[in-house]
1. So what is the orientation-averaged projected area of the range 51-106, using the convex hull of its C-alpha atoms, in nm²?
2. FRET efficiency for ASP78 and ALA57, Cβ-Cβ distance as r, R0 = 30 Å, nearest 0.05?
3. Could you tell me how far the Cα centroid of the range 62-115 sits from the Cα centroid of the range 34-54, in Å?
4. For GLU46 and LYS21, FRET efficiency with R0 = 30 Å and r from the beta-carbon atoms, rounded to 0.05?
5. Between GLU133 and SER9, what is 0.36 nm times their sequence separation minus the Cα-Cα distance? Round to one decimal in nm.
6. Taking the Cβ of GLU38 as the centre, find all other residues whose Cβ is under 12 Å away and add up their charges (Lys, Arg: +1; Asp, Glu: -1).
7. Quick one: go through the range 74-104 and flag any residue whose amide nitrogen is under 14 Å from the point 7 Å out along the Cα-to-Cβ line of ASN115.
8. Just how many pairs of Lys in the range 7-156 have C-alpha atoms closer than 25 Å, counting pairs that are eight or more places apart or on different chains?
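Rule-based calculations on the coordinates, nothing more; no lab input. Keep in mind the model is a prediction, meaning the values are calculated, not measured. Reconstructed Cβ throughout: ideal geometry from the backbone, glycine too, with neighbour counts over all protein chains shown.
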Amino acid sequence: MMNELKLSSLLTPKNILLDVKEKEKDALLAKIIKTFSEVNNIADPEALAREVTEREALGNTGIGRGIGFPHAKSSQVDEISVLLARPARPIEYGALDGLPVNLVILIIAPDSGDNNQYLHAMARISRLLGKSEVREKLAQVKTPQEAIDTIAAFEN
């Protein structure tokens, strides 16, 4: 089953933020981590923020094509969890291709978990968001449920 971990199965309307108002990367990441912590009842949001920030310091997670992909392994979660955010306006992110980011997906995996599952989930999500049609449709969605339906349609 783990080979078939789908992004759509990890998403709920609560962990999708559309038209986020933050205008710069640090503020955007702080908002995403805060919302993720609330949605997932994270016991120590500061620890989670530190883990994501430390990972970001190792290398920018702007993977190109307008996608930010912050990720970390954390003691704060028991299973792979995500949050999808779409800034109201593209944000300068320091991405590999120099393009601003208009879609951010945070992925947090258990620090004690199976690393292969984590890497596999990241690869699947990266491939999915690598499709220009998926990114174009996500740029247009009006509701979190529409975003989930769009992703599900492309995963099958």
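1. 3.9
2. 0.75
3. 13
4. 0.85
5. Length gained, GLU133 through SER9: 42.6 nm.
6. Charge balance in the 12 Å sphere: +3.
7. 74
8. Here the count comes out as 27.
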